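Below: the structure, in C-alpha cells.
The values are calculated or read from the model by the stated rules, or taken from the named source; none is laboratory data. This is a predicted model, so every value here is computed, not measured. A quick note on method: Cβ atoms are made from the backbone with ideal geometry, for glycine too, and the neighbour counts reach across all protein chains shown.
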Amino acid sequence: MTTPVPLLSVNNLSLGVVRSGHRPTMIVDDVSFAVAKGERFGIVGESGSGKSLTLRAIAGLLPVGVDVLSGSVSYEGRDLLSTPLAARRRLMGPEIAMVFQEPMTALNPVIRVGDQIAEGPRRHLGLSRAAAMALAIEMMAKTGIPDPAKRARAFPHELSGGLRQRIMIAMALSCRPKLLLCDEPTTALDVTVQHQVLRLLEQLCDDFDAALIFVTHDLAVVNQTCDNLAVMYAGHIVESGPVKDVFRDPRHPYTRGLLDSAPDFDQPDRELVPIPGFPPNLADRPPGCAFAPRCSHAQSGCLVASPPLVPLAPGRSAACFESDSIFRRVPA
Amino acid sequence: MSTPTALLFRAQEKRRSTRTRSLKAWYRNPSLVAGLIVVGALVLVAVLAPVIAPFDPVKQDLQNSLLAPGGAHVLGTDKYGRDVLSRLIWGAQVDLRIGFMAVLIPFVFGSVVGALAGYFGGWFDSIVMQIVDIFFAFPFYVMVIVLVFVLGAGEVSIYLAISAISWVAYAKIVRGEVLVAKKQDYIVAARLGGMSHGRVIVRHIGPNVMSQAIIYAMSDIVLDIMAIVTLGYLGLGVAPPTAEWGSMILDGQEFITTQWQQATIPGLVIVVTSLGLSWIGDGLSDLLSPERRK
Amino acid sequence: MTTSAVLRVSNISKSYHVPSPILSKLQPGARQRGSLTALDGIDLELRAGEILALVGESGSGKSTLAKILVGSVEASAGKLDYRGRPVPAKRSRDATRRIQMVFQDPYSSLNPRITVGAILGELLRLHKIVPRNQVRAESIRLLNLVGMEEDALDAYPSQFSGGQRQRIAIARAIAVRPDVLIADEPVSALDVSVQATILELFTTLRADLGLSILFVAHNLAVVQHLSQRVAVMYLGRIVEVAETAELFANPRHPYTRALIDSIPRMSESSVNLELVLEGEPPSPYDIPGGCRFHPRCPVAVSACREIDPALTAIAGDHQSACLLANELPPFYSATTS
C-alpha cells in the first residue's frame, strides 16, 4: 500500500473470445489492480468469474481462443503484453513464476522431479548441471520434503498430491522470482495438507521477499493467506481492499453474499444465506450491473448502467451504486 | 426455518437459456447436409431405377457394342452393347443395398456383443476380446475374399462374409464406450433405483454409447461398397449379368485406351458415394458427440 | 442407544487385491503391492432422523463405506443391519429402494440423454410409488420439494447448472421414498454461494421427511453447520465419534484436533499460524503397525507403536480410538492472532 511504484499493475485489462461476425464475448472486463513488492494479493470469485484467466494473462498463458482485447499488464514499469514473446519467456522463472491447481498435469510425467526443478536455474541462472541439482535439492528441503536427495530422483506419479504441490512450489521459487502466481494451489489437497502448503507458501514468500497473487474460490483461505484482495464477479472486480476490512465491512452485495453463504467455523450457529439466481451468461450480457438480477439492493438505475469501481476509503473500492447501504446481514 | 431459504428463491432459479440445448440443429451442419443430399440423390436414383433407366441394363445388343458416348446411349455401350448409363443406375440399387445390409447385420450383432462384454466383463469379455484381437490381426480383404471363395460367389455370401468379419469393429467400439459409461454415477444411480441389468444397458447405457458406432457405420458402408466392388472386380461378386459398379470397372478396363469412360465413370460414382457417406459420418460425429461439460 | 439405529455397521472391512506388475516382481526390493485396505473393522450406527457426518481425508475410506452402505460395493467382511435385520449381499428391489445415494459430481450422476421427467417417471413407475396416472403430478411435487419448477420436467440435465443438477439428483434419490440418504460429498463440487442452498435442502429433508442422512464430507465447517453427530475416519478406521458440538469443543483424538486446527478460518482473530501436523496420510497399501496415526501424532508415546487402539466409549455418546484419550490436555482451538 505504501510502495509508490507497484511491482505489478494490471490496467483496464479486458479479455474475450473473438468470433467473426459476433461481438466479442467479454470474459474479463476492464480489470485493474496493483500488487506491491512483497504483497500478498488474493483474487476471489466463483467459477466463471474470470479470476484464473486474469492470472493467466499476467503469466502469458491464455488458452487458445481467448485474446487480450485491451489494457496493459505492467511489471516493474514495462508492459508485459507488448514485450516480445522470447523476452517474456526469459522473465518467467527469474521474475515471475506460477503454481498451478493440479500438479499432476503441470509436471512432466517422464522427467524426474529433481531435473524438472533444476531446469529453470540452469537456463535462467546459468548454473552447471551439478550446481542446479544441488539447488533443486536445497529447494526441496526448503519446501519441507523429507529426504530430498532421494525424492529428487522420483517421477511425479511416485509422489503424493501434497508432495507434488511442494515440488511445484520448489520449482516456482528456484529462480527466486519477485512475483509468484498461484492458481488455486490447495484446492486439490486435503485439509491438513492444505494447511501445511499455505503456511509454506507464506513463509517462503517472506524468506524470498516475493509478492504473491493468490487466486481461489475459498474466502477462508484468502483470509489466512493474503493482505489485500479483489472480489471478481462475471469478469469485473466488484470490490477490493485489505482483507480484514472487506471481511468486516463488505461494501458490495456480492461480497456480502459470499461471506454470508459460506459456513464459518467460528460461528456454527449463523444461518447460511445463499445468493439467489445464477451468474449471467457472458455471451449475452444485459446492460447494467452484472449482479443486479441477483441483488436485493438493486434499484432501477442498476439495470441501466454498470457501476464503475470507485474508491470509498484509502485502499478500498467497490463497484456498487448502493455501496453506502451495504452491510453484513449477519454481523461477523 | 419453516420456509427454507432454498425454496424462497425458487422463482428466481429459471432454467438456463437455449445456449446449452443438447442437440444442435442438424440442418446447420454443412457436411451433414451435403452428405445427405449426395446420398439421398443416389438412393433416389436406385429406387427409381426401373423408371429412369433408359434401357434394360442386361439386354445385350451385340450390333451396337462399344458405342462412344452420345446419341441415345448417353454414356455409350459396353462390349455386349448394354447401355452404360442404365447399368450405372441399376448398379446403384445393387451396391447400395449390399452396402447397407452388410453394415446392418454386423452393427446389430457387434454392438450387442460389445455392450454385454463391456458391461459384465469377466470371462465373457475375455473370450470376446480374444476373438476380436484374432480378427483384427488379419487383413479385412484377405478374410472377405477367402470367405466368399469358400461360400461361393453371390450376394448372400457377401453379406455373410462381411458380417462375419466386420462385427468385431462394432464390438470393440461399443465395448470401449460401455466401459467408460458404466463408471458414470448415473449408472450406479440407475442400479440403486432397482433397475435390472437389461434395462440399465438398453435404456441408460445404450443411448450414450451408440454414437461412435453409428459414425463408424457410415465409413463402414464405404468400406463395404469398396469390398463389393473389389469382389466384383475379382469375379467373386454378384453373378453376371447383373449390373454392379465393380464388375463394370472390370469389364471396362480392357478398353481403357479406347473407351476410357467405361471404367472411369463407375469409379467416379463410387468416389462420390464414398464422399457423401463420409460427409454424413463427419456431420453425425459433430452432432452426436456427447456434450462435454461447460 | 440401540433401538433407534436405522443402519448399523458392524466390523465391516474392505480390502482390494492389487496384482503387482510382473516387472516389479523381477526387481528385488521393489515395493510389494499385496492388498489395499480401504476399510478395517468399521463399527458405526446411523440413528433415526439424524444427519451423521463422516469426515476424513482422501484415502480414509469414507467413500468406500458409503458405497458399501448403498450396496454398490460388497464388503469383504462384517455385517450391515437395517432396522435390526441383516441386509443380504444381494438386495431385493425394495431393500435397494430404502437406502438411496446422492453423488458428489452432479455432472456424472445424471444421464445426459434422459429428460428430468423421464428420470423421475421411470423410478415412480418401476416401484409403483403412485398410480400411473399420477406420475406426472408426483414428479412435479418432487421437483417443488427440491426447489425447482414444473418446466424442468421436459428438459435435459445439460440445461441446468451444477446446483440445479444436484437438486434434480436429490429429487431422484427421494423419489423412491427411502428411509436413508447417503450423500457422498454432495456440495464439494459446487460454488460457495450455491452450497448454502443445497445444505439448507438437506436440513429440510431431514426435518420434513424424517430422513436419516449420512453426509460424507471433508469440509469441517460445513459438517459443523449441518450435522447432529460426526464420525472422523483415518486410514480405514473410525477414530472418533461424538455429537457435533461435543466433538468440536472437546475432541478426544489428536487427529481430530489436527483436523480442526487445519480448518481455514473466516475471522481475523482465529487465523492459525501453527503448523499442526507433519507429513501426510500413509499409503493404504502399507498401514503402520500399532496406532495407525502414531507416525504423525504429536503426542504419541512408545505404547502407541505397539497397541492398535479400538474405538471405545469415553463419556456417554463420545467414542475415541486413542490410548491417551483421557489424558489429552484440554482443547483450545488454535486462535493465535
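Tabulated results
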{"read-out": "Some residue of segment C:217-228 being more than 12 Å from chain A (Cβ to nearest Cβ), surrounded by fewer than 21 Cβ atoms within 10 Å (Cβ to Cβ) and part of a helix (DSSP H, G or I)", "value": "no"}
{"read-out": "Tally of residues being surrounded by fewer than 20 Cβ atoms within 10 Å (Cβ to Cβ), in a helix (DSSP H, G or I) and not hydrophobic (A, V, I, L, M, F, W, C) across segment C:110-128", "value": "3"}
{"read-out": "Matching residues, segment A:145-200, being in a helix (DSSP H, G or I) and at the interface with chain C (Cβ under 9 Å from one of its Cβ atoms)", "value": "A:GLY161, A:GLY162, A:LEU163, A:VAL191, A:THR192, A:VAL193, A:GLN194, A:HIS195, A:GLN196, A:LEU198, A:ARG199, A:LEU200"}
{"read-out": "So A:ILE275, is it assigned to a strand (DSSP E or B) and hydrophobic (A, V, I, L, M, F, W, C)", "value": "no"}
{"read-out": "Lone unmet requirement of (1) closer than 30 Å to C:ASP94 by Cβ; (2) crowded, with 16+ Cβ neighbours inside 10 Å for B:VAL202", "value": "(2)"}
{"read-out": "Segment C:64-102, residues that are within 11 Å of chain B (Cβ to nearest Cβ), within 17 Å of B:GLY194 (Cβ to Cβ) and either among the acidic types (Asp, Glu) or in a loop (DSSP other than H, G, I, E, B) (or both)", "value": "C:GLY71, C:SER72, C:ARG91, C:SER92, C:ASP94"}
{"read-out": "Residue that is at the interface with another protein chain (Cβ under 9 Å from one of its Cβ atoms), in contact (Cβ under 8 Å) with a residue 12 or more places away in the chain and assigned to a helix (DSSP H, G or I), where the choices are C:LEU201, C:LEU142, C:LEU205", "value": "C:LEU201"}
{"read-out": "Enumeration of residues in segment A:257-280 that are at the interface with another protein chain (Cβ under 7 Å from one of its Cβ atoms), under 19 Å from C:PHE202 (Cβ atoms) and not hydroxyl-bearing (Ser, Thr, Tyr)", "value": "A:ALA262, A:PRO263, A:ASP264, A:PHE265, A:PRO268, A:LEU272, A:VAL273, A:PRO274, A:ILE275, A:PRO276"}
{"read-out": "Positions within segment B:186-198 being touching an Asp or Glu at 6+ places or on another chain (Cβ under 9 Å) and on the phi < 0 side of the Ramachandran plot, in sequence order", "value": "B:ALA190, B:GLY193, B:MET195"}
{"read-out": "Hits in segment A:289-305 (condition: surrounded by 18 or more Cβ atoms within 10 Å (Cβ to Cβ) and assigned to a loop (DSSP other than H, G, I, E, B))", "value": "A:CYS289, A:ALA290, A:PHE291, A:CYS295, A:ALA298"}
{"read-out": "Scan of segment A:141-199 for residues that are farther than 19 Å from A:ASP115 by Cβ, among the aliphatic types (A, V, I, L, M) and modelled with pLDDT of 90 or more, ordered by number", "value": "A:LEU179, A:LEU180, A:LEU181"}
{"read-out": "Conditions (1) in a loop (DSSP other than H, G, I, E, B); (2) buried (at least 16 other Cβ atoms within 10 Å of the Cβ); (3) more than 14 Å from chain B (Cβ to nearest Cβ); number of the one not met by A:PRO308", "value": "(2)"}
{"read-out": "Segment A:82-104, residues that are surrounded by fewer than 17 Cβ atoms within 10 Å (Cβ to Cβ) and more than 24 Å from A:ARG122 (Cα to Cα)", "value": "A:SER82, A:GLU102"}
{"read-out": "Failed item, numbered, when A:GLY42 is tested on (1) more than 14 Å from chain C (Cβ to nearest Cβ); (2) under 22 Å from A:SER317 (Cα atoms); (3) part of a strand (DSSP E or B)", "value": "(1)"}
{"read-out": "Restricting segment A:232-256 to residues that are within 19 Å of A:ARG40 (Cβ to Cβ) and away from every other protein chain (no Cβ under 12 Å), the residue that is nearest to the chain's Cα centre (by Cα)", "value": "A:MET232"}
{"read-out": "Where A:LEU62 falls short, out of the listed (1) outside any helix (DSSP H, G or I); (2) farther than 30 Å from C:ALA189 by Cβ", "value": "(2)"}
{"read-out": "Conditions (1) acidic (Asp, Glu); (2) touching a His at 6+ places or on another chain (Cβ under 8 Å); (3) modelled with pLDDT of 90 or more: number failed by A:GLU46", "value": "(3)"}
{"read-out": "Selected residue (criterion: surrounded by the fewest Cβ atoms within 10 Å (Cβ to Cβ)) from residues of segment C:145-178 that are at the interface with chain B (Cβ under 7 Å from one of its Cβ atoms), over 20 Å from the mean Cα position of the chain (by Cα) and part of a helix (DSSP H, G or I)", "value": "C:ASP151"}
{"read-out": "Selected residue [touching a helix residue (DSSP H, G or I) at 6+ places or on another chain (Cβ under 9 Å), free of Cβ contacts under 8 Å to residues at least 12 places away in the same chain and under 15 Å from A:LEU200 (Cβ atoms)] from A:ALA131, A:ALA141", "value": "A:ALA141"}
{"read-out": "Residues of segment A:65-86 classified as outside any loop (DSSP other than H, G, I, E, B), among the small types (Gly, Ala, Ser) and in contact with a strand residue (DSSP E or B) (Cβ under 8 Å, 6 or more places away or on another chain), total", "value": "4"}
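Residue-by-condition table, conditions (1) within 14 Å of chain C (Cβ to nearest Cβ); (2) touching a helix residue (DSSP H, G or I) at 6+ places or on another chain (Cβ under 7 Å); (3) assigned to a helix (DSSP H, G or I); (4) not hydroxyl-bearing (Ser, Thr, Tyr):
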{"position": "B:ALA153", "(1), (2), (3), (4)": "no, no, no, yes"}
{"position": "B:ILE187", "(1), (2), (3), (4)": "yes, yes, yes, yes"}
{"position": "B:GLY198", "(1), (2), (3), (4)": "yes, no, yes, yes"}
{"position": "B:VAL238", "(1), (2), (3), (4)": "no, yes, no, yes"}
